[in-house]
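A short worksheet on the structure shown next.
Quick note: the coordinates plus some simple rules give every number you see, no bench work behind them. Just so you know, these numbers come straight off a predicted model, no measurement behind them. Cβ placement follows ideal geometry from the backbone for every residue including glycine, while neighbour counts extend to all protein chains displayed.
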Amino acid sequence: MTRMDSAHNQRRQNAALLIAAIAAVAALVCSRLGGSSTAALFPALRWIALAALVIYGCLRRTLTAWIFIAMLLGAEIGHDFPNVAVHLRVLALIFLRLIKTIIAPLLFGTLVVGIAGHSNLRQVGRLGLRSIIFFEVVTTIAIFIGLGAINLSKAGVGVQLPPPTAADTSSVSKLSAEDTILHVFPENIAKAVADGAVLQVVVFSLIFAVALAMLSEAKRRPMLIFCESLSEVMFKFTNIVMYMAPLGVGAAVAYTVGHTGIGVLGSLLKLLLTLYAALIVFILGVLLPIALMFRVPLRAFLKAVAEPVTIAFGTASSEAALPRAMEAMEAIGVPRQIVAFVIPTGYSFNLTGSSLYLSVAAIFVAQVSGIHLSLGQQLMIMLTLMLTSKGVAGVSRAALVILLATASSTGLPTEPVFLLLGVDQLLDMGRTAVNVLGNCLAAVVMAKWEGDFQAETPSPVVADALR
């Protein structure tokens with residue numbers, strides 16, 4: 001494309017965005033000031049804005065733009081055609097299934113090559129210690145921010161929650177302390193892969209890589225070549241599957257809105273605002289200073305994380321964003337061995353968004369139940385959350401499982417926890433996006449801490465991830 005063509009294309013993009021903005025503002029004015037005479041005009045203006053955004057997406061031709069547009073389209077379809085939207089979930093489930101097929105072989109290949117390929121087990125141990133320290137400090141701060149936010153807003157006081165459905169209540173089960181510890185270690189690697197137990201796959205891959213590193217070069221090399229080839233194939237597999245990301249994300253949002261309705265925010269709007277305000281405070285007050293402290297290149301980092309964070313927000317699934325997050329971090333200069341260790345491990349030990357949510361939700365449950373908790377009791381809940389929120393990656397409704405375990409161990413009633421199930425998807429979207437953002441930042445910070453950031457050139461397949 002020549003410079004003149006590029007300038008012309010940019011003008012058309014700007015025009016499409018301008019039309020979308022004008023239509024969106026007009027729709028907002030109609031909804032606030034208009035009466036029955038403008039009732040039909042309101043949805044028409046929304047669809048005009050969305051049509052302009054679709055034109056912008058056709059001109060822009062970037063996956064991130066299309067994912068964002070798909071989210072808006074999905075929300076509109078879910079609002080206007082809820083009976084159709086609830087049947088679109090199958091598209092989101094197809095996308096998630098394809099993503100889940102990537103995770104285990106990708107983690108195995110990258111971890112084995114990263115550890116056994118360098119044969120520096122001392123560096124692996126040092127990286128593990130630094131990562132755990134970083135994870136614990138950041139998640140503890142997140143829990144404190146959540147406690148402060150819910151105590152300020154008192155969102156649970158006087159709230160009447162909608163009753164849960166039978167399908168929701170039947171899918172939640174509590175984990176004992178023994179179960180939580182056992183969940184970290186695989187009894188059968190095939191079962192761990194089938195169950196999507198990320199941490200179990202990581203533990204198996206780490207031990208396998210250490211054992212491989214102890215072999216002679218002649219016996220180690222064939223397996224390393226296989227694992228390196230496996231990693232490259234899975235990254236290319238990810239690139240192919242990501243073409244379906246807008247469809248999967250849009251379908252997931254349409255199903256959520258169509259199933260629960262926009263009005264579901266009603267009495268829970270204050271809780272929702274409390275959580276999202278606390279997440280923003282955490283991003284700006286904790287993650288941003290950390291990025292500045294370690295001199296993370298913010299522009300490149302934000303460009304790299306935009307896509308995986310958007311996928312995580314739209315699907316409310318950390319797994320859906322995992323392969324793309326690993327690709328994006330390697331593409332901006334984090335060595336593969338650090339990416340392969342830090343991000344998957346962070347999915348169990350660095351769930352910053354989930355930790356913040358759990359502290360908000362635990363106090364919310366107490367407020368709904370009319371229970372006043374002293375500062376000491378709230379600190380005990382915080383300590384319990386620090387322990388129970390580890391090692392449950394891959395568990396269905398993990399945050400709710402942890403919340404139930406925390407409620408039971410601290411004497412809070414469990415009934416209000418089940419009442420949160422009806423809106424858990426909306427809460428899950430924000431906390432999952434922050435989980436992915438925090439883990440991506442952790443990978444860059446560890447690379448900076450080790451002095452290895454941008455020390456290696458990413459493979460062509462991975463470098464293609466940000467184009």
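Assorted remarks:
- The listed peptides 279-285, 253-259, ordered by packing as a protection proxy, come out as 253-259, 279-285 (highest mean of other Cβ atoms within 10 Å first).
- Peptides ranked, highest mean first, by Cβ atoms within 10 Å: ranges 434-440, 76-82, 215-221, 7-13: 434-440, 76-82, 7-13, 215-221
- Pairwise FRET efficiency - Met214 versus Trp47, Cβ, R0 = 51 Å, nearest 0.05: 0.25
- Relative protection proxy for 309-322, 132-145, from highest mean packing down: 309-322, 132-145 (other beta-carbon atoms within 10 angstrom).
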